[in-house]
1. Could you list, in sequence order, all residues of segment 179-196 that are part of a loop (DSSP other than H, G, I, E, B) and either surrounded by fewer than 21 Cβ atoms within 10 Å (Cβ to Cβ) or at pLDDT below 95 (or both)?
2. Tell me which residues, restricted to segment 197-227, are open to solvent by less than 70 Å² (accessible area, probe 1.4 Å) and in a helix (DSSP H, G or I).
3. So which residues in segment 199-249 are of a type in the set (Ser, Thr, Tyr) and either in contact (Cβ under 8 Å) with a residue 40 or more places away in the chain or out of contact with any Phe, Trp or Tyr (no Cβ under 8 Å at 6 or more places or on another chain) (or both), if there are any at all?
4. How many residues does segment 228-253 hold that are open to solvent by 40 Å² or more (accessible area, probe 1.4 Å) and within 18 Å of GLN153 (Cβ to Cβ)?
5. Could you say whether any residue in segment 228-246 is part of a loop (DSSP other than H, G, I, E, B) and within 19 Å of THR175 (Cα to Cα)?
Amino acid sequence: MPPAPKTPPPPSGLQPDPAPEIDPDFVPNPGEQPDPAAPPTGDQAPEDTTADPAQPAFAGQQPYASQLPYPGQQPYPGQQTGQEWRPEPQGDPVKRQRLVIGGIVVGVLVLIGVVIWVLLNLLGTRPEAVVSTPSATATPGPLPRDANSKDFQVGDCFADFDPNASKARAVACDTEHSAQLGAIHLYGADESFPGTNALRDKGREVCRNVKLNAAADKYVLLQQNVYPSTTSWDRGDRRVDCFVVVDSGNTITEDVLEK
């Protein structure tokens with residue numbers, strides 16, 4: 001006969017012991033664990049955590065948030081960068097601006113120098129005016145006679161002299177007269193009319209070159225300038241004359257110019 005089935009013992013009323021909680025800081029056998037501060041031994045090779053630079057990134061791999069490609073390196077397809085790379089500016093813009101301004105200033109100075117050089121060359125090629133030095137060489141010929149003003153010579157003596165007339169009565173200097181021509185300045189034939197003031201100044205300059213002799217001390221002598229007008233200049237008159245004159249009358253009876 002088969003044995004009769006066993007009946008379970010009656011419950012004791014006690015609860016089963018629950019599974020013990022595992023302490024996360026629990027270390028089994030602490031004395032057998034390696035010291036984390038000690039250098040690795042020969043049997044323990046350090047784990048290489050760097051990626052192979054020659055190995056491409058896996059498809060779909062995203063870079064770290066702060067990772068940027070090297071300057072000039074294009075990111076892999078699908079790679080996003082946290083900052084767009086731009087080429088570095090070439091040179092200092094302030095320095096470039098100063099160089100441009102300096103070049104402009106140098107160019108202007110060179111241009112001014114060229115203009116001045118051209119003007120000096122043009123002025124330097126003006127024809128020299130002819131200046132007659134004072135001398136007591138009167139116009140040869142019979143005296144007295146009427147002489148045209150363009151034919152007056154240094155040393156000529158004139159009676160009843162009128163500086164505004166185109167002719168004068170030339171006489172011997174040892175006879176009574178009122179004026180004697182002391183010096184002449186001739187402008188160039190191709191020169192333009194210099195103006196009345198310039199002609200007057202030139203007449204005074206010419207008179208300063210006149211030298212008088214001892215006989216001139218007997219008289220109260222004045223200087224009289226005669227120069228062209230615009231009308232006579234257009235007709236070819238280029239003379240500036242300096243006369244030694246008395247205030248009135250033919251009171252001079254001798255040559256007053258130094259020989």
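The values are calculated or read from the model by the stated rules, or taken from the named source; none is laboratory data. No experiment lies behind these values; they were computed from the predicted model shown. When we count neighbours, we look across all protein chains shown, and the Cβ atoms used for this are built from the backbone with ideal geometry, even at glycine. Calculation scope for accessible area: heavy atoms of the full protein, side chains included, ligands and nucleic acids excluded. Shrake-Rupley method; radii C 1.70, N 1.55, O 1.52, S 1.80 Å.
1. GLY188, ALA189, ASP190, GLU191, SER192, PHE193, PRO194, GLY195
2. The answer is ALA198, LEU199, LYS202, GLY203, VAL206, CYS207, ALA215, ALA216.
3. TYR219, TYR227, SER229, THR231, SER232, SER248
4. Residues meeting the conditions: 1.
5. Within segment 228-246, one or more residues are part of a loop (DSSP other than H, G, I, E, B) and within 19 Å of THR175 (Cα to Cα).
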